[in-house]
Amino acid sequence: MATDLNAGIPDYEPGDGNTRTFHIDAFRKEWLSRLQPSDYSYPPQDENAFHANFAHELGVSVDMMRELKDTCNTAALHCYPEDQCPDPEVVPEDSTLKTLIERKKHQDHKLSLKISKNRHELYADEQERSSVAWKPEEFENLVSEGDVILTINVYYPAIFEKFVYVRPHVTLLVLGSQSLVKLRDAICCASDLQVCGEFSNTPEMAQDFISKDHYKSAFFFFEGVFYNDMRYPECCDISRTTIKWAKDNHFPSYRQAKMEDTKFEDLKVKVGFPYLYNHQGDCEHVVIISDVRLTHKDDCLDRKLYPLLTHKHRVAVQKCAVCYTFIARWCTTGDQFAPSNPCLFCDKCFRMLHYDKDANKLGDFLAYPYVDRGAFN
């Protein structure tokens, strides 16, 4: 994609739901021209310089700073013999410290609750917080200074009439210098793991037929351009049908480009505008870019970790109809052993109920592999 530096750059946030169209690389260069290098550069990791600056702020000497560091080291804070290692989660009953008394009250209150708040709701952003200021072990994996980070929300596919999943399925951080295929490979969808066909006679063969390995075509649609994944010989241009239909019906013409040859910084986008990710033929995801900004020292600076997953929506799982314990792996129809038609089974219950000890099929039924959305929690 040719870089158009004359594309509009939004200087303000309009009142609508999305911004005006702007070129991401032009946005990056415009901010770099307005900022000082110290505003976006990564400070050197010099521990001695840090201690010297910290000592200057405290108004003490460097020697005093070293003494304070040794004295206040957490390794020296022991109130028990060195050969004992008590459980840090257990608070003594006769504690006199105010902090431990309050912590004991909090623990007792938490245990008294019959229904505790779900862990996924309490720590929805723990994946993002765990990567703050993460530095790579090798210098070549360091994110370049002045690169941009895009926050991208990928929503569930609307595959039924009453669509209720209004929250994004996943939220990912991608670098402007990365290609679109990085995002495509990071999106985890249940339809990629679906297994097409009926396998009641040969259940062991079901693992060899994953849709993602057979149907590799996909595209992103941004601002009138279809970005097709053409990395493999099996890939085909699945956007040509839409382009032909638009041409035959006198709609504005669309363009095409290769996903693997296009970086995010080459795109023209609107922040807050719904775009499209299509794969597996008709599995359509809404993609919304909610933020575009420059990197800074507190970001995860390891390039290998991008696209960085920061949030994943949790959905209810479909349990086995027999044990009500494990996630469903099989769906049967016309099954005389099942309490309903169709019926879901985990792998263990499915095999115990429908096959003898020699793996011979019992009864007349049809079995289809089932991939539950809750398996991605």
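Each value in this text was obtained by applying a stated rule to the coordinates, not by laboratory testing. Remember, predicted model here, so these are calculated numbers, not experimental data. Here the Cβ is made from the backbone with ideal geometry for all residues, glycine too, and neighbour counts use every protein chain on show.
Quick notes on this one:
- DSSP assigns beta bridges within region 121-312; of those with both partners inside it, close to 90 percent run antiparallel.
- In a DSSP loop and with at most 15 other Cβ atoms within 10 Å, the trypsin sites (Lys or Arg not before Pro) in region 264-310 are Lys297.
- Local charge for Ala359 was computed over the other residues whose Cβ lies under 9 Å away, with Lys and Arg +1 and Asp and Glu -1, and equals 0.
- Remark: region 259-315 carries a charge dipole of roughly 240 debye about the Cα centre, counting +1 on each Lys and Arg Cβ and -1 on each Asp and Glu Cβ.
- Taking a ≥ b ≥ c as the square roots of the eigenvalues of the alpha carbon gyration tensor, region 330-376 is oblate, as a/c is not under 1.5 and a/b does not beat b/c.
- Pairs with C-alpha atoms separated by more than 20 Å, drawn from the list Lys182/Lys263; Lys212/Lys247; Lys216/Lys304, are Lys212/Lys247; Lys216/Lys304.
- At R0 = 51 Å, FRET efficiency that the Cβ-Cβ distance of Thr202 and Ser253 yields, to 0.05: 0.60
- Net charge over other residues, Cβ less than 9 angstrom from the Cβ of Ile149 (K, R count +1; D, E count -1): -2
- Per-peptide packing, taken as the mean over residues of other Cβ atoms within 10 Å, places 234-247, 319-332 in the sequence 319-332, 234-247 from highest down.
- Pairwise FRET efficiency - Ser290 versus Lys244, Cβ, R0 = 45 Å, nearest 0.05: 0.85
- Peptides 100-107, 343-350, 255-262 ordered by average Cβ neighbours within 10 Å, highest first: 343-350, 255-262, 100-107
- Most to least packed among 142-154, 24-36 [average Cβ atoms within 10 Å]: 142-154, 24-36
- FRET efficiency estimate (nearest 0.05) - Cβ-Cβ, Glu67 to Arg351, R0 41 angstrom: 0.05
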